[in-house]
Amino acid sequence: MAVIKKKKDKALPAVNTSALPDIVFMLLFFFMVATVMREVDLKVTVNKPQATEIQKLERKSLVTYIYAGAPRQKYQDKFGRSPRVQLNDSFASLEDIQPFVLQEREQKSEEDAAMMTMSIKADKTVKMGLITDIKLQLRKAQALKINYSSNQPKNVQALYDSE
Amino acid sequence: MARNKRAIPEINAGSMADIAFLLLIFYLVTTTMDTDKGINRKLPPYDEELVEDPPPIKERNIFTVLVNSNDQLLVEDEYLTIAELRTKAMEFIDNNGDGSCEYCQGFKVGTSSDNPDKAVVSLQNDRGTSYGMYVKVQNELVAAYEDLRERYAQEKFGRSYRSMNEDEDKEILKEIKLAYPQKISEAEPLNIGG
């Protein structure tokens, strides 16, 4: 034909990557919104028990955590091996629980304070004596909504086999 | 001059993606997405003096679950394993001894509960019981109620109780919970096997 197309050189044109930062930023913002910072660094070992009838704790702002378990290896020289309570970032005694709950409650708005949930994250080997003491302190502090933090087992049958 | 005529060169944005990736990875590492899950319970309010006269409950309406410091179960004076607890509890709640519960399918045994409304599960553990065992027992007792509610929902509404929405099916959920009210009472723990 009359029109003669000039063949360009056959090398593939470079892929346009100018939108790549946009995509990555989008991902970044997603993660910033959807995740939360790690709350505390655990000083006790918490190997959560397993249960099937569990409910999600919806609003993180309403939840206050109490950890219980044996101190980690590096704290064992100082604090021994018997299970201890951890509040925020430090070891605590049972007497500290009440002031802790009151302080947490004060930081929340009035309607949120009524909905406050205490999440007990305890190791499954902890004896019930300690847990009962914690529960008594919570009752005295009028923090009555509690949640026994547990994991959904991958194999439900395994729940019954361990005996 | 020739130099001034040149346009300002474009800023090289090629490394922008690298910077964004770096930030992204930082967030991936320092944050968590796992939602907390667990068994919700409500504690009884603390009272200085003990209630003098607890309301009398007939012996047949109480389902006693004892857990000792070796994590062994004693249910209604009978040694049980954790796998049997759920069925046993369901039989007790669903027994319908006085025949007033129309939706129950129990065996109407004379020594078991009158109706689901009167049935109380009483749990007592030792101070030496492990927390893992305690959660397991709680889980089974809650599961017994949940299974009964599920059955009721399927028969009455033809829908799954567990998939119902808190906001949309408020009335239905209320009715189901009223049909099988969850009554689990916890006694002060013993201190035998300390």
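Structure values in brief
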read-out	value
Sole exception among (1) outside any helix (DSSP H, G or I); (2) in contact (Cβ under 8 Å) with a residue 12 or more places away in the chain; (3) over 18 Å from A:Met128 (Cα atoms) for A:Gln98, by number	(1)
Of all residues making up the range A:52-65, the number that are farther than 21 Å from A:Gln152 by Cβ and open to solvent by less than 20 Å² (accessible area, probe 1.4 Å)	2
Candidate set: the range B:14-28, residues that are open to solvent by less than 90 Å² (accessible area, probe 1.4 Å) and more than 7 Å from every other protein chain (Cβ to nearest Cβ); chosen: the one modelled with the highest pLDDT	B:Ser15
Residues within the range A:66-78 that are open to solvent by 70 Å² or more (accessible area, probe 1.4 Å) and touching a residue at least 12 places away in the same chain (Cβ under 8 Å), tallied	1
Selection within the range B:162-191 - open to solvent by 70 Å² or more (accessible area, probe 1.4 Å), of a type in the set (Asp, Glu) and not in a loop (DSSP other than H, G, I, E, B)	B:Glu171, B:Glu186
Residue in the range A:38-51 that is assigned to a loop (DSSP other than H, G, I, E, B), free of Cβ contacts under 8 Å to residues at least 12 places away in the same chain, within 12 Å of chain B (Cβ to nearest Cβ) and crowded, with 19+ Cβ neighbours inside 10 Å present	no
Residue identified as more than 22 Å from the chain's Cα centre (by Cα), open to solvent by less than 60 Å² (accessible area, probe 1.4 Å) and hydroxyl-bearing (Ser, Thr, Tyr) among A:Thr117, A:Thr132	A:Thr132
B:Asn115 being more than 10 Å from every other protein chain (Cβ to nearest Cβ), free of Cβ contacts under 8 Å to residues at least 24 places away in the same chain and part of a loop (DSSP other than H, G, I, E, B)	yes
Of all residues making up the range B:19-44, the number that are of a type outside the set (Val, Ile, Thr), more than 11 Å from A:Thr35 (Cβ to Cβ) and in a helix (DSSP H, G or I)	6
First in the range B:94-111 and free of Cβ contacts under 8 Å to residues at least 24 places away in the same chain and farther than 13 Å from B:Ala179 by Cβ, second anywhere and in a loop (DSSP other than H, G, I, E, B) and among the charged types (D, E, K, R), Cβ under 7 Å, 6 or more apart	B:Asp98/B:Asp114; B:Gly99/B:Lys108; B:Gly106/B:Asp94
Residues that are touching a strand residue (DSSP E or B) at 6+ places or on another chain (Cβ under 8 Å) and buried (at least 19 other Cβ atoms within 10 Å of the Cβ), drawn from the range B:113-122	B:Ser113, B:Ala119, B:Val121
Count of residues meeting criterion [more than 7 Å from chain B (Cβ to nearest Cβ) and either more than 27 Å from B:Glu48 (Cβ to Cβ) or of a type in the set (A, V, I, L, M, F, W, C) (or both)] in the range A:124-150	5
Sole residue being open to solvent by less than 30 Å² (accessible area, probe 1.4 Å), more than 14 Å from the chain's Cα centre (by Cα), at the interface with another protein chain (Cβ under 10 Å from one of its Cβ atoms) and without any contact (Cβ under 8 Å) to a residue 60 or more places away in the chain, chosen from B:Tyr131, B:Tyr145, B:Tyr152	B:Tyr131
Single residue of A:Gln76, A:Gln103, A:Gln86 found to be assigned to a helix (DSSP H, G or I) and closer than 26 Å to A:Met128 by Cβ	A:Gln76
When residues of the range B:62-86 are limited to those that are away from chain A (no Cβ under 12 Å) and outside any strand (DSSP E or B), the one farthest from B:Leu141 (Cα to Cα)	B:Asp77
Residues of the range A:20-37 classified as facing chain B (nearest Cβ under 7 Å) and among the β-branched types (Val, Ile, Thr), total	3
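The values are calculated or read from the model by the stated rules, or taken from the named source; none is laboratory data. Computed from a predicted structure; not experimentally measured. Cβ: placed from backbone, ideal geometry, glycine included. Neighbour counts: every protein chain shown. Side chains are part of the model used for accessible areas, which takes the heavy atoms of the whole protein and leaves out ligands, DNA and RNA. Shrake-Rupley method; radii C 1.70, N 1.55, O 1.52, S 1.80 Å.
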